[in-house]
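What follows draws every value from the coordinates through simple rules; no lab data is involved. Note that this is a predicted model, so its numbers are computed, not measured. With ideal geometry, Cβ positions are generated from the backbone for all residues, glycine too; neighbour counts draw on all protein chains shown.
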Amino acid sequence: MAYTIKVNGKARTADVEADTPLLWVLRDVLDLKGTKFGCGMALCGACTVQINGQAVRSCVTPVSAVGANEVTTIEGIGATSVGQKVQAAWIDIDVPQCGYCQAGQIMSASALLARNPEPTDADIDAAMAGNACRCATYVRIRAAIKQAAGLATADSREV
Amino acid sequence: MLLKDRDSDLAPGAAELAPDPSRRMFLKAGAAAGGGLLLTFSVPLMARAATSIPAGLDANLPSLNAFVRIAPDGTVTIISKNPEIGQGIKTMLPMLIADELDVDWSMVRIEQADLDPAKYGAQFAGGSFATPMNWDPLRRVGAAGRQMLIAAAAQTWSCAPADCAAAGGVVEHMKTGRKLNYGALAATACTLPAPDLKTVALKDPKDFRIIGKSMRGVDTPLVVAGQPLFGIDVTRPGMLYAVYQKCPVFGGKPVSANLDEVKASPGVRQAFLVEGGSDPAGLVGGVAIVADYWHQADKARKALKVVWDEGPTATQSSEGYAAQAAELAKQPGANVIRKDGDLEAALKGAAKVVEASYFYPFLAHATLEPMNCTAEVKGDRVEIWAPTQNPAQGRTLVAKALGVPEANVVIHMTRCGGGFGRRLSNDYMVEACWIARQAGAPVKLLWNRADDMQHDFYRPAGFHNFRGGLDADGRLVAFHDRFITFSDGGKPASSADLSGTEFPARVVDNLLYETSMIPLGVPTGPLRAPGSNALAYVFQSFIDELAHAAGKDPVAFRLELLGEPRQLAAPPGGPGPFGPMPQMHTGRMRDVLTLVADKSGWGKRSLPPRTGMGVAFYFSHLGYFAEVVQATVADTGAVKVDKVWIAGDVGSQVINPIGAETQAQGAALDGIGAALGQAITIDKGRVVQTNFNNFPLLRINRAPPVEVHFLTTAYPPTGMGEPALPPVIPALCNAIFAATGKRVRSLPIDPAQLKVA
């Protein structure tokens, strides 16, 4: 059936089965390819989007569950001031290696900073542990989050 | 002395990689389409090791080519010919040209090439090859271009080239201060003869303006914006989506399937059997489901029931391998890899003998972007969009499977969402092409995570049985490894062999390396730092055991073992047709070991209980790395890695420091992730693990800070994709020993073995 969902501020319609994960609606129906498929079971975070500002794994979120809530993807996050800062920090610190997980990382990091503008290392760990980076760019992910927050980028866990 | 060279998948020697300036080097200059100067450059390698370069590359092709366009507006476009898998090649190689060309980095545009070996030579990502292969020739391309642009300016001003200087894309007449930018000179330059690359003047490294400066990834802004750069993001008009179910048992084939039921599922257009062949790297049999959307194909698959002919591998299991390995360990090895002196006599005469057996498991590559490929087949023409590390081999495979000429197969290389060696095999590419042809439409084949984890080319498991003998002064006088490994068709399986040059060979007088092999039905292949990623763990862990048995500090013991600074001898027989294999220089290793000890405060810091520091070093991919790990083990046995210190020597120049640092950090954390939790186990000929819940990736909350230091030395620069990985695993395990007194002799690390009793 046809579902109309709000994505990056625009109403978009997809004629799909009710159990179709939001991930595949975004990627294959709405042609928003920035959101990535990694595991299909909410284990890796590559598919992270925001729904009403909360980081959500779109691979296990059926389109029928989205309703009137606001979906934001990597293509739209730069329109928010937090998202813009996070993307700028990601570029400045040069976080990506292969880059495949980074959309999900940025979506989780933006959600974190929107609710917690000055996260500690422990806050970062808690918010970001659901996003795996196979290239293990974690040192720079941590630094970029702090830079986006206007904090010193040094790792406070230093021994 | 008996010796066998390690037939490594991806570890050719430096001499194979270094271009020989005395041989044919070609620089062609001409007008570029749309105006401006086009420089086309090619140089054959001195020697090509067909065995060390991924299969499918034509050894007769020129090996290194470069293409540079200078447009009338001064923009410099450099073609990036190699696959980008996150190693930063698309940024680093153009830096070499741009610096010698003397343009501003901001004027450089980089374009990804399609596969065209006739034009570009070898195009692949593996073995940390790119730096040693390109360091000299790509700088020569830039320098030649600069020389031509200066000559063009001199001709324009009727002066001598020596009266002109170039910088930032502008040539200046020094006496008068007249200036012309490269864009304005390009049209004249392309009418001039190309200089001799052999004699073209290269910069003094102190004049580098781009090399040695941190340049961010050229595609970073696009990645961060979520642009569709990856294979999985490709879309074609009229494209359908496919899934492909293969037999969970390696080598198994489909007999029949409930295709009608599957076809009734929403959106499914076609479902069919593919017979396939027996080569796991080729087209393997299975069932294809083609649908309007990928999710529909994936969902239809849940109803799929296949009758398989599982074949002989169904009797194999990890438990069975362990039992066979235990039996084989009791007998002399079937193959002697190296024998020096008299091992048994030396062990008898030793003041102390240490024995230990080590095990490491199979590992999957687990690239975050699952295998995928988009293909379009029209008659006998095939067009492919694929994330691949080795497109030429894919083209050969596809041409053969579909019975079309190779020239009719076009491959567009996309950015790869990770490689780690997995995408050196193109099995998914040939599947996509086969399915697309039968479907009669462009098809995107996408594997799900279980497909990806269960149909890999795994890092092989291995069983090492060591003995070491120490004399009364605690010096290593005898060393024995009886290595139980795996074979494929009677030969060592890919990445499962052992070299006669593995350290401590050549620094111990009485030494025996021998192997016995278990026939393996599971496909294996190179995983980042192939061979080394496993051998470093066992050898550097056992050397640590010997250090403690000798009552010596682990750093001091290693320095003593390395001995006087010298190049360890190459295997006898002289350089083969492909030149000598590079051998470790003990002085370079001593220096990084000393540096990492210094930077980590080795032996100088007091640590809390159940916290320890461990050290290891390893030489691989021409790079010298010594690493220290500090780890804390909770009473529950849970391991926390506190910090990693890395000291590396990759030659005279770290080309892109920001890129080199991130590769070192990523490699170390990659190794830690594997050691902390990863294993692929085989049961009834199939892989047990299915997803990241049972094959866990390292997460940020377990990722320690990683401090990276480079020592610059008088040697040509070498690659960074791999060599920082191997030492981190033994350094971690040795830290755990320092913290708990317990040796990690089996991976992954088992907290149950480390808890307080």
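In table form, for the structure just shown:
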item: Unit Cα scatterers, Debye sum, the stretch B:498-657: log10 I(q)/I(0) for q = 0.16, 0.17, 0.21 Å⁻¹; result: -1.08, -1.19, -1.55
item: The stretch B:316-461, dipole about Cα centre (Lys/Arg Cβ +1, Asp/Glu Cβ -1), debye to the nearest 20; result: 260 debye
item: Dipole axis of chain B (+1 Lys, Arg; -1 Asp, Glu on Cβ), positive-most option in B:ASN656, B:GLY623, B:THR388; result: B:ASN656
item: Neighbour-limited loop hits for trypsin sites (Lys or Arg not before Pro), the stretch B:329-381 (at most 13 other Cβ within 10 Å; DSSP other than H, G, I, E, B); result: B:LYS330
item: Gain on full stretching of the segment that runs from B:ALA569 to B:LYS352 - 0.36 nm per residue minus C-alpha separation; result: 75.3 nm
item: Shape category assigned to the protein assembly as shown from the gyration tensor of Cα positions, a/c cut at 1.5; result: rounded
item: For the protein assembly as shown, with +1 on Lys and Arg beta carbons and -1 on Asp and Glu, the positive-most of B:LEU363, A:MET128, A:LEU30 along the dipole; result: A:LEU30
item: Alpha-carbon gyration tensor eigenvalues x 5, square-rooted, for the stretch B:627-757, Å; result: 29, 19, 12
item: Percent RCO, i.e. relative contact order, over chain B, from Cα pairs under 8 Å lying at least 6 residues apart; result: 15 percent
item: Likely footprinting exposure, B:ARG178, A:ARG134, B:ARG467, fewest C-beta neighbours within 10 Å first; result: B:ARG178, B:ARG467, A:ARG134
item: Rg in Å to one decimal, and Dmax rounded to a whole Å, for the stretch A:35-159 via C-alpha atoms; result: 13.7, 48
item: Beta bridges by DSSP in chain B, antiparallel share as percent, to the nearest 5; result: 75 percent
item: Value of relative contact order over the stretch A:17-159, rounded to a whole percent, pairs C-alpha under 8 Å and six or more apart; result: 24 percent
item: Dipole in debye (nearest 20) - the protein assembly as shown, about Cα centre, beta carbon charges: Lys, Arg +1; Asp, Glu -1; result: 720 debye
item: Gap separating the Cα centres of the stretch B:695-724 and the stretch B:286-357, nearest whole Å; result: 29 Å
item: All Cα pairs of the stretch B:232-354, percent lying beyond 26 Å; result: 50 percent
item: Kirkwood Rh in Å, taken over all unlike Cα pairs in chain B; result: 27.5 Å
item: 18 Å Cα-Cα threshold exceeded, pairs from B:LYS305/B:LYS400; B:LYS90/B:LYS206; B:LYS552/B:LYS604; B:LYS246/B:LYS302; A:LYS85/A:LYS146; result: B:LYS305/B:LYS400; B:LYS90/B:LYS206
item: Ellipticity estimate at 222 nm from DSSP helix runs (n ≥ 4, -39,500 (n - 2.57)) divided over chain B, nearest 500; result: -8000 deg cm²/dmol
item: Within-15-Å neighbourhood charge of B:VAL103 [Cβ basis; K, R +1; D, E -1]; result: +1
item: B:ILE672, A:ILE106 arranged by Cβ crowding within 10 Å, fewest neighbours leading; result: B:ILE672, A:ILE106
item: For chain B, size of Cβ-based charge dipole, Lys and Arg +1, Asp and Glu -1, in debye; result: 780 debye
item: Counting DSSP beta bridges with both ends in the stretch B:441-513, the antiparallel % (nearest 5); result: 65 percent
item: Relative contact order, percent, the stretch B:664-757 [alpha-carbon distance under 8 Å, six or more residues apart]; result: 41 percent
item: Cα lying deepest toward the dipole's positive end in the stretch B:355-456, options B:GLY417, B:MET453, B:ALA441, charges on Cβ; result: B:ALA441
item: For A:TYR3, B:TYR537, order by how many other beta-carbon atoms lie within 10 Å, fewest first; result: A:TYR3, B:TYR537
